[in-house]
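Below: one structure, written as structure tokens.
Please treat every number below as a calculation from the coordinates, not as lab data. All values derive from a computational prediction rather than experimental measurement. Note: ideal-geometry Cβ built from the backbone for every residue, glycine included; neighbour counts use all protein chains shown.
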Amino acid sequence: MIRQDVPFASELAPIDAPAVVTIISAGKAVLPQRQSGHAIDRIAQLTDLLSALTGPGHAIDALSYRKALEARSANTVKALANDLACYAAFCRSQAGPGLPASASRMVAYCEHLEALGIKPATAARRLTSLSVIHSLLGVTSPMREPVVRDTMAGYRRRQGTRQRQAGALRFGAGIEAALALRSEDEAAEDGGQAGRSAFTLTALLAACDTDPPGLRDAALLSLGYDTGLRVAELVRVAVEHIKQGEDGSGAGTLFIPTSKTDQTGQGAHAWISAESMRRIAAWLRVAEIRSGAVFRRVGVQRRKPRGALKPVAIGTLSPNAQLTEERLYGRKAKPAQIAYVIGERAITPAAVRLILKRRALRAADLGLVGLYGSTLEAAIAQLSTHSLRVGLTQDLFASGADAGPVAQALRWTSTATALRYGRELAPASNATAQMLRDIRR
């Protein structure tokens, strides 16, 4: 449906420029498609790599191999293909078949990865992928050999095991005031500016306009923080997954059909705050989305204003003057025009990353964060699609939550990941802190 009198223009945001705003709902206009090439069949890629790497006596049954890999998530298959491609590149400089691999071959591969400057966590993942490949081939993995384990232990000792973590996008000033971990004296020393040293969810929400892209981005950021969704789960959120609560608080729940830790589709539920429910409702109302993907691409088409022209009398024109309809009959003035075209498909994870960085940059332009120059560039570079999940985890630890409830809320199968995400704040909620907080002041 094409609307010329959109409600958000008068009800949600005053329009300063005399522009005619039009919202074109999904299916009524075609958005230009980006040239992204053809999707890669990762299973076929794996099969080809295996055929090239295996020696005699290890024929590859493409059908059986495909069925075995279909039980894994698309991201897992992609990682296996990428890791095997890396190993195949290494094997080109080695004699003999690459698979099955010997323990000495794995030691040489580890040395090769360390020489390239690969982080121990990445190297360990690549070895794990090769272990999975060996199990699919029905042979014993060389990663079980003591010499390989000792090689990786030395690798970690030399390089260190601390992983680079996505910048945490914590809630902001409101929660910092309630959950402050610093003393009042420390806060007074820096003039209260410590909370402005990094991006917060509050700042990014304030940087969202009330046009359709701004309403969508605000709803996405707000829901992403409340639920701690991984980006693959966030872009799959559908209208049918959101349910209004019955307690009258305005809060709601989100059904998560599948996740990284739930490939069989048992499903899980997450709580949604009343504020997020309002933001989602505002976006869905303006975009006229009643079913399907909630977060969609928004195309923006702008036309500059055009001034009026008076008709010109023919007798005043020179004999060789060019005659046009506008010169003969004149034209009316036209105001600036803005058309927002709502897409039919969900946005991509890459689009979520761009949204985060674009809103962070706008927050800096509006003076919502105290970051400038290279410090601003570094803070924006740290933001990723995982920042909302990391920020929620750290806020939960700051509130005094234990690792078990945090892992349950974020749908982790182990508390180890939760502790890694909140390692800087976890000590403030451990048993010692809870016992001594009010005793040793």
Gain in span if fully extended, SER249 to ALA166, counting 0.36 nm per residue against the direct Cα distance: 26.6 nm
Dividing the alpha-carbon radius of gyration of region 42-159 by 2.2 N^0.38 Å, where N counts its residues, gives 1.03
Which lysines does LYS310 reach when only Cα atoms under 19 Å apart count, and residues fewer than 8 places away in its own chain are ignored? LYS332, LYS334
Any lysines whose Cα falls less than 24 Å from that of LYS67, other than same-chain ones fewer than 8 residues away, would be LYS78, LYS260
Grab the beta carbon distance between GLN337 and GLU288, set R0 = 22 Å, and tell me the FRET efficiency rounded to 0.05. 0.70
With a cut-off of at most 12 other beta carbons within 10 Å, and DSSP calling the residue loop, which chymotrypsin sites (Phe, Trp or Tyr not before Pro) in region 350-421 qualify? Please list them. TYR372
Region 42-159 - charge dipole about Cα centre, Lys and Arg +1 at Cβ, Asp and Glu -1, debye rounded to 20: 360
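Counting pairs of alpha carbon atoms under 8 Å apart in space and at least six apart in sequence, what relative contact order in percent does region 42-159 give?
Numbers: 95 pairs, mean separation 33.0, N = 118.
Across region 42-159, relative contact order equals 28 percent.
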If amide H atoms are modeled at 1.01 Å from N in the peptide plane, then the residues at a separation of 5 or more from THR54, or on another chain, having amide H under 5 Å from its own are LEU99
Amide proton proximity set for SER259, modelled H, under 5 Å, gap of 5+: GLY265
Under 5 Å between amide H atoms, partner at least 5 residues away or on a different chain: which partners does HIS386 have, H built in plane at 1.01 Å? none
Whole-Hz Karplus couplings 3J(HN,Hα) for region 75-90, θ = phi - 60° and coefficients 6.51, -1.76, 1.60, Gly and Pro as x, run 5, 5, 5, 4, 5, 4, 5, 5, 5, 5, 5, 5, 5, 4, 5, 5
Which ³J(HN,Hα) values in Hz, rounded to whole numbers, follow from the phi angles of region 304-311 under the Karplus curve 6.51 cos²θ - 1.76 cosθ + 1.60, where θ = phi - 60° and Gly and Pro get x? 6, x, 10, x, 7, 10, 7, x
